[in-house]
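Here the structure comes first, spelled out in structure tokens, and everything after it is commentary.
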Amino acid sequence: MSNALIESQELRDLRAAVAALGKRYGREYTTAVVRDGKQPDELWAEAGKLGYLGVNLPVEYGGGGGGITELALVLEELGAAGCPLLMMVVSPAICGTVISRFGTAAQKERWLPGLASGTLRMAFGITEPDAGSNSHRITTTGRRDGDHWVLSGRKVFVSGVDIADATLIVGRTEDARTGALKPCLFIVEREAPGFQWNRISMELAAPEKQFELVMDEVRLPGEALVGSEDAGLLQLFAGLNPERIMTAAFATGMGRYALGRAVDYARTRQVWSEPIGAHQALAHPLARCHIELELARLMTTKAAALYDAGDDAGAGEAANMAKYAAAEAAVRAVDQAVHTLGGNGLTTEYGLASLVTAARVARIAPVSREMILNYVSHRTLGLPKSY
Ligand SMILES: Cc1cc2nc3c(=O)[nH]c(=O)nc-3n(C[C@H](O)[C@H](O)[C@H](O)COP(=O)(O)OP(=O)(O)OC[C@H]3O[C@@H](n4cnc5c(N)ncnc54)[C@H](O)[C@@H]3O)c2cc1C
């Protein structure tokens, strides 16, 4: 479908260039990386070299000077080619954005050029075992000790800690341990003493792994704190809105990939007189998936445009809606794709079945479907809260 009305020529050129890169790697590459227990290092390095990983980061730190619009487009196209890079959701999108917007000059110099080129990676940890969807209950606490910080707490499901040079941890300060969340963001380098990470076994065919983090009196330099300890939620959402937009792009990319595979199959597979795609019982659900994916892409474009224009509040609502729409569209597209292939939909050879769990991730993380419905019920529609 033509995007000429909503995408500049420059963006369309970027989309085409990233799609060409994705095509060179494709689903076979990701499948082989997962099978061999490796990481998509070659693709990550090439995308970094071509300027795609840091396309949203400031030019003076080696980035492309674009916004989340460009970064989301990159992730979507790689996903549509079957080789999404999950760490893009956290490394350049959350961590790169937060450091660009709130970091000190020293933090920017230390991290941004590497995050932009892909030579450095940063994970992001907010989820806690006893807080889950309710981030206001997080208890990871930073205590001042002279010029240093001492960080203690636990996190779960943090992606890519093993391959990240550092993790941006959301905590709170000691004097703000209770009450409404006033988050503080700390950069914790992977080898910091007291920073332990244990792999959580997941039923996901993805190269990036999830980890439990145990931080036992991790001693951090004063400059580990990003931004102000009093800036509160504003700073955090500067990173969380891009995360939602990127998750939407991740989901629509995956949905497009699955739908493309299903359509190719339905065009040629013939068990009666016509290819199976001629049966409306298959054709209509595929058409519906396409419409839902296009709608989700449109909302993602809107959310990214609002964020890049500096409208954090407007972007928050749109990013939530985009993430919701994209996750639902992706889950349905993958389900329909598997079904379209019949028995082949569940074979290793065709490689679609593993997307069933992968697509579900976007429905749960970084904020679940229900929490978005809560947000829209309360914030957008003004309905009363039940919790
Ligand atoms: C593959 C994967 C990667 C992840 N990567 C990261 C990462 O890099 N960093 C990170 O910090 N986290 C990460 N997460 C964690 C993710 O953000 C959380 O799983 C998610 O926020 C949900 O939290 P929870 O798992 O504790 O579920 P819970 O909060 O326990 O929720 C369980 C269920 O209850 C529902 N529920 C909860 N409260 C309400 C309510 N008030 N109303 C209605 N329904 C409700 C939820 O919608 C959900 O369906 C990842 C998760 C996965 C699966």
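Just so it is clear, none of the values below were taken in a lab; they were calculated from the coordinates. Not measured: the values here are computed from a predicted model. Heads up, the Cβs are rebuilt from the backbone with ideal geometry, glycines too, and the neighbour counts pull from every protein chain shown.
Mind ordering 318-327, 205-214 by average Cβ neighbours within 10 Å, highest first?
318-327, 205-214
Placing dummy labels 7 Å off each Cα toward the beta-carbon, the span from E294 to K23 is 2.2 nm.
Relative to the longest principal axis of the Cα atoms of the chain, helix 68-80 runs at roughly 40 degrees. Of all the Cα-Cα pairs you can form in region 284-387, what percent are over 21 Å apart? More than 21 Å apart: 45 percent of the Cα pairs in region 284-387.
Each peptide among 133-141, 293-301 gets the average number of other Cβ atoms lying within 10 Å of its residues, and from highest to lowest they stand as 293-301, 133-141.
For a quick protection proxy, order the peptides 244-257, 188-201 by their average other-Cβ count within 10 Å, most packed first.
Descending mean neighbour count gives 244-257, 188-201.
The residue among L78, S8, Y387 whose Cα reaches farthest toward the positive pole of the charge dipole of the chain, with charges on the beta-carbon of Lys, Arg, Asp and Glu, is Y387.
With bins 5 Å wide beginning at 0, the percent of Cα pairs of region 74-196 falling in each bin runs 2, 11, 19, 21, 21, 15, 7, 3, 1, 0, 0. Listed by chain and number, the lysines whose C-alpha is less than 22 Å from the C-alpha of K108, apart from same-chain residues fewer than 8 away, are K49. The angle between the Cα long axis of helix 105-117 and the longest principal axis of the Cα atoms of the chain comes to about 20 degrees, rounded to the nearest 10. Calculate the tail of P(r) for the chain: the fraction of all Cα-Cα distances greater than 40 Å, expressed in %. That tail contains 14 percent of the Cα-Cα pairs.
Dipole orientation for the chain: of the candidates M88, G142, G103, M88 has the Cα lying most toward the positive pole (charges on Cβ; Lys, Arg +1; Asp, Glu -1).
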